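J.: Next up is a structure, given as structure tokens.
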Amino acid sequence: MPGWGVMLPPERVLAEMQDLGLSATELGAAGFLPEDPRALRELLGRFELALVAGFVPLVLHDPARWPSALSLADTTAGLLAAGGAGVFVTALVQDEAWSRSGPLDRSTAAVIADGLAQVDRVCARHGLIQVLHPHVGTLVETAQDIELMLDHSEAAWCLDTGHLRTGGLDPVRFAEQHADRIGHVHLKDVAAHVASRVLDRELSLTDGVRAGMFTPFGDGDVAIDEVVLALEERGYQGWYVLEQDTSLSDPPAPGRGPVADVARCLDYLRTEVVPRLPASARTGVGPPP
């Protein structure tokens, strides 16, 4: 998002991920990782990380904006495919500045559905699946918005535990009711008392993050463990992406900052989730520290 804060050097972030035992990553913000496929593969290979997906803000509620949106989708999908990814994560923004919009209505949802179908075709040409990401600050942020898009579009979904909870939906219930439409998962925990202020527009998303909206797993109000178990019970085969959203004003000292919270999240997964999973599913969270 514009104005999010300091971006740490990619080499530092990827090295910290590798040290934590993570084996894969998403693409990150535009320009964070190399946009040349060969350079991207070389950099990720250096840190033994696979590329699995990328988050792409698109403007699809206005058909006049579709040509530029589809051009961006095609370029990004090509980079993702060249890097070995399989998932294209779409967020429906009002504009490139992430201006806040009014409530989604049925006619706009129908237009967006047509736009998403076109993005689906772009992704299919590159061997990717598109998933729709409900996200605070986009056109699909509340429970009502999500229900409208579930009704109007056949797109697959990214189950984001934090943004669903912020928007007023129980992510466990979403997993139980819509498992057949979930193609990707973002795991994050939220402090509900801060998240409600963001949804009510007392705080911007960036200010909410700085106020502690997103917490390490187990410190917030999302039942991360129950979401994973609900999905595993229903045969989910995709990735779980650990997201620890942080807005930095200055680079933290080595070994401090987001890496410490991510380590706590991994400890939560190892102690609270992995022991409850079938043996066949107990992989992908890295070795003990």
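Every number in this text was worked out from the coordinates using simple rules, so none of it is lab data. Remember, predicted model here, so these are calculated numbers, not experimental data. Every residue, glycine among them, receives a Cβ derived from its backbone with ideal geometry; neighbour counts consider all protein chains shown.
J.: In contact with a Leu (Cβ under 9 Å, 6 or more places away or on another chain), aliphatic (A, V, I, L, M) and within 27 Å of Gly3 (Cα to Cα), is that true of Leu248?
T.: Yes, satisfied.
J.: Of the residues Asp170, Asp160, which is without any contact (Cβ under 8 Å) to a residue 12 or more places away in the chain, of a type outside the set (Phe, Trp, Tyr), under 24 Å from Arg264 (Cβ atoms) and buried (at least 17 other Cβ atoms within 10 Å of the Cβ)?
T.: Going through Asp170, Asp160 in turn, the sole match is Asp170.
J.: Now a separate question. Only one of Ala191, Ala143 is of a type outside the set (Lys, Arg), out of contact with any Cys (no Cβ under 6 Å at 6 or more places or on another chain), surrounded by fewer than 22 Cβ atoms within 10 Å (Cβ to Cβ) and within 19 Å of Asp245 (Cβ to Cβ). Can you tell me which?
T.: Ala191
J.: Related question: Scan region 264-278 and report the pairs whose first residue is on the phi < 0 side of the Ramachandran plot and free of Cβ contacts under 8 Å to residues at least 12 places away in the same chain and whose second residue is surrounded by 14 or more Cβ atoms within 10 Å (Cβ to Cβ) and in a loop (DSSP other than H, G, I, E, B), with Cβ atoms within less than 6 Å and a gap of 6+ or a chain change.
T.: none
J.: Within region 70-88, take every residue that is in contact with a helix residue (DSSP H, G or I) (Cβ under 7 Å, 6 or more places away or on another chain) and aliphatic (A, V, I, L, M) and give me the one that is nearest to Ile129 (Cα to Cα).
T.: Ala77
J.: Ala211: without any contact (Cβ under 8 Å) to a residue 24 or more places away in the chain, surrounded by fewer than 18 Cβ atoms within 10 Å (Cβ to Cβ) and in contact with a helix residue (DSSP H, G or I) (Cβ under 7 Å, 6 or more places away or on another chain), yes or no?
T.: Yes, satisfied.
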